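As structure tokens, the structure follows; a few thoughts come after it.
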Amino acid sequence: MDDIDVKILKCLKANARENASVISEKVSMSVSAVIERIRKLENSGLIRQHTTIIDPQKAGKDVTAFISVSLEHPKYIDRFTSFVRENREILECHYVTGDFDFFLKVATDTTHSLERLLNAVKSVSGVMSTHTVVILSTMKNEYSVDPDELLK
């Protein structure tokens, strides 16, 4: 990892579809060298995926919330994670420390659909309690780490 890799990652973080020829101009390298570096970053696993981020509100998902979930016992983890994987409104699921076991990020179209989802979560075998926080607005939403952090 060097300064050139970081510059390439910054370009891709800003626009994953940016053409290698444009990136090559920004980092003062040949197109083939840029393509090779991107391949190496992908093969190393540092670049996990190139993706499209869909704006939830423009997709009709006006309610975003975080749901903390406690399970009665770890034996229910597999059942709960299966439910999570099958539900399209659950965007993220994290196994966490603290008072709760899981932290979910969900996006629904209305508060009524959030209520339906919350009831479905509570109905999963082993779910002991939940705590829900609805997001009113977002000041910052990064999807990956800052490439400059890689040089430290």
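In this structure, does Ile53 turn out to be assigned to a loop (DSSP other than H, G, I, E, B) and loosely packed, with under 13 Cβ neighbours inside 10 Å? Walk me through it before giving the result.
Values: assigned to a loop (DSSP other than H, G, I, E, B): yes; loosely packed, with under 13 Cβ neighbours inside 10 Å: yes.
Yes; evaluated as a whole, the condition is true for this residue.
Would you call Thr130 outside any helix (DSSP H, G or I), among the hydroxyl-bearing types (Ser, Thr, Tyr) and closer than 30 Å to Val6 by Cβ?
The answer is no for Thr130.
Anything in segment 99-143 that is surrounded by 11 or more Cβ atoms within 10 Å (Cβ to Cβ) and among the polar types (S, T, N, Q)? List them, or say none.
Selection gives Thr108, Thr110, Thr111, Ser113, Ser125, Ser129, Thr130, Thr132.
Being surrounded by 13 or more Cβ atoms within 10 Å (Cβ to Cβ) and either part of a helix (DSSP H, G or I) or of a type in the set (Lys, Arg) (or both) is the filter here; which residues of segment 26-39 pass it?
Taking segment 26-39 as the starting set, the residues that turn out to be surrounded by 13 or more Cβ atoms within 10 Å (Cβ to Cβ) are 26-27, 29, 31, 33-38.
Matches in segment 26-39: Lys26, Val27, Val31, Ala33, Val34, Ile35, Glu36, Arg37, Ile38.
Can you tell me which of Ile8, Ile90, Ile47 is of a type in the set (Val, Ile, Thr), surrounded by 10 or more Cβ atoms within 10 Å (Cβ to Cβ), closer than 30 Å to Ser137 by Cα and not assigned by TED's automatic domain parsing to the domain that holds Ser113?
Details: Ile8 fails: closer than 30 Å to Ser137 by Cα; Ile90 fails: not assigned by TED's automatic domain parsing to the domain that holds Ser113.
Testing whether each residue is of a type in the set (Val, Ile, Thr), surrounded by 10 or more Cβ atoms within 10 Å (Cβ to Cβ), closer than 30 Å to Ser137 by Cα and not assigned by TED's automatic domain parsing to the domain that holds Ser113 leaves just Ile47.
Suppose we filter Ser82, Ser68 for residues that are surrounded by 13 or more Cβ atoms within 10 Å (Cβ to Cβ), outside any loop (DSSP other than H, G, I, E, B) and of a type outside the set (Asp, Glu); which single one remains?
Just one listed residue meets the conditions, Ser68.
The values are calculated or read from the model by the stated rules, or taken from the named source; none is laboratory data. As the structure is a computational prediction, the values presented were derived from the model and not from experiment. All Cβ positions, glycine included, derive from the backbone under ideal geometry; neighbour counts span all protein chains shown.
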